Every structure is written in structure tokens, then in C-alpha cells.
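Derivation of every value follows stated rules applied to the coordinates shown; laboratory data play no part. Just so you know, these numbers come straight off a predicted model, no measurement behind them. Methodologically, a virtual Cβ is constructed for each residue, glycine included, from the backbone with ideal geometry; neighbour enumeration extends over all protein chains shown.
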Protein chains: 2
Amino acid sequence: MSDLARTPPQIGNLIRRARKKRGLSQSQLGELAGLRQETISLIETGNPAAKLKTILAVLAALDLEFRIVPRSKGAAAELEDIF
Amino acid sequence: MSDLARTPPQIGNLIRRARKKRGLSQSQLGELAGLRQETISLIETGNPAAKLKTILAVLAALDLEFRIVPRSKGAAAELEDIF
DNA sequence: CAGAAATATGCGCTAATTCCGATATTTCAT
DNA sequence: ATGAAATATCGGAATTAGCGCATATTTCTG
């Protein structure tokens, strides 16, 4: 239920759930993102060495995007004007 | 300003601004994140092939994190229960 | 239960990160 | 302007993604 994405496995899980919600197979998503089914599989299982552009391609194909946010209120306060 | 992070350069810019707001040099941030100054430099200038775990290490060192969100209201509606 | 569809795994390959150790080059105070 | 700090760049070594192609394995459907 959370859009929290603090670790590669969490990111992978979210991608997997979004993909399924859209009724896509890994192959179909791969085609949309310009990637192979195997690559989607690796990402969904939490490959920490995946490349940034690869993750971004998958997110874009699912109509998703990253947002960078403070982890805590303290961080939000310290970084005000930015976040 | 926006915390939008749709592309590697945008992500790099945000990281750079957050780092400066915290008064850290690239070397200092690198030390916190377990990375080299050179690597921080590459990330901040928008290297699209940076590894996911590398980006996550930098964000964590800055007390930041990723959030995955829908790009549009339409997407949010289609993916409800997830986002 | 059978057959198909979907997902995970395998090998060889190329490209590119990141590391290490130095060093240009740019930026910034005084 | 000058020196110091900060950032960008270079060669080499190691590691690994993602590709193509093929296949094992799990999951779903009838």
C-alpha cells in the first residue's frame, strides 16, 4: 500500500504490483520499456545493481515516476526550499 | 521547487542542491555514502547508467528517499489501491 | 491433470560503472 | 591576483548489467 521505495526489493515489488494491476506480462512491459523480459524479472526481484535508466524506463512504461523526498520531518525542515 | 525526478540530470540536480544545503562537499558526501568523490560527481551530472544501489546510498546519506508515484491523475486512478 | 503461459535461470559477449591512485580544472575566499 | 578547496577527468583493474538465444521452472487455466 505504500509508495515507499527505500530498497531495490521494495522498488521491485511496487513495479510488479503496478504491472499486474495493468494486466501486463513481463514480456509486454519489457516491450513497452524497450527491455527484455529477463531484465524486468531481475528488476522485480530487487537487483540492486540495475541501472538508473533501466528503472526509469520501466517506470515510464507504467506511467510512474520517481520523486525524491525527505525521510523524516527533520530532514524536510533542514532542506526546506528544496522539498 | 519541485522534487520531481524524471530524468538522471534532474535527479543529479536535486542531489547536488540537497548536498549543498547541508554544507557538504562531494568528498564528504562520498564518505557518508561509502562512495568516491568522483562517483558523486558523475551522479550529480546526470549519469543515466549509475547503479540503483549507488543512487540509494547517496539519497540515504542525505536523509532522502525515493518515492514512486503516478505521473498523472489518470495513472493514479488506474493504479488505485497501490498508490 | 494436461498444456500453455509466464517467470526465472544459463552462457557468452560487449559496454560501462565503480574503484584506486593521480591530476587537471574550476570555483571561491582573502 | 593567489592559494586553497572543490570538482571534473584520466589510465587501468575488476565487476556486472543487459543483450541475444535457449531453456528450466513455476503458475495459471481449462
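The figures follow:
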{"read-out": "Residues A:SER41 and A:ASP81, FRET efficiency given R0 of 30 Å [Cβ-Cβ distance, rounded to 0.05]", "value": "0.15"}
{"read-out": "Straight-distance crosslink candidates among lysines, where the alpha carbon sits under 18 Å from A:LYS73 and sequence neighbours closer than 8 are dropped", "value": "B:LYS21"}
{"read-out": "Tail beyond 19 Å, pair distance distribution of the protein assembly as shown (Cα, percent)", "value": "53 percent"}
{"read-out": "Teacher prompt: A:SER25 distances to equivalent labels in other copies, 7 Å Cα→Cβ, nm", "value": "5.5"}
{"read-out": "Convex hull of chain B built on C-alpha atoms - directionally averaged projected area, nm²", "value": "6.0 nm²"}
{"read-out": "Efficiency of FRET from Cβ geometry, B:SER72 and B:SER25, R₀ 35 Å, rounded to 0.05", "value": "0.35"}
{"read-out": "Extended-chain gain in nm, criterion 0.36 nm per residue less alpha-carbon gap, B:ARG6 and B:ALA60", "value": "17.6 nm"}
{"read-out": "Selection of GluC sites (Glu not before Pro), region B:51-83, meeting DSSP coil and at most 13 other Cβ within 10 Å", "value": "B:GLU80"}
{"read-out": "Those aspartates and glutamates that a straight Cα-Cα span of less than 18 Å connects to B:LYS20, excepting residues fewer than 8 apart in one chain", "value": "A:GLU78, A:GLU80, A:ASP81, B:ASP3, B:GLU31, B:GLU38, B:GLU44, B:ASP63, B:GLU65"}
{"read-out": "Positive-end residue, chain A charge dipole about Cα centroid, Cβ charges, pick of A:LEU59, A:ALA18, A:ALA49", "value": "A:ALA18"}
{"read-out": "Degrees between helix A:8-21 axis and first principal axis of chain A (Cα, 0 to 90, nearest 10)", "value": "60 degrees"}
{"read-out": "Shielding by other protein chains, A:71-83, mean Cβ within 10 Å", "value": "4"}
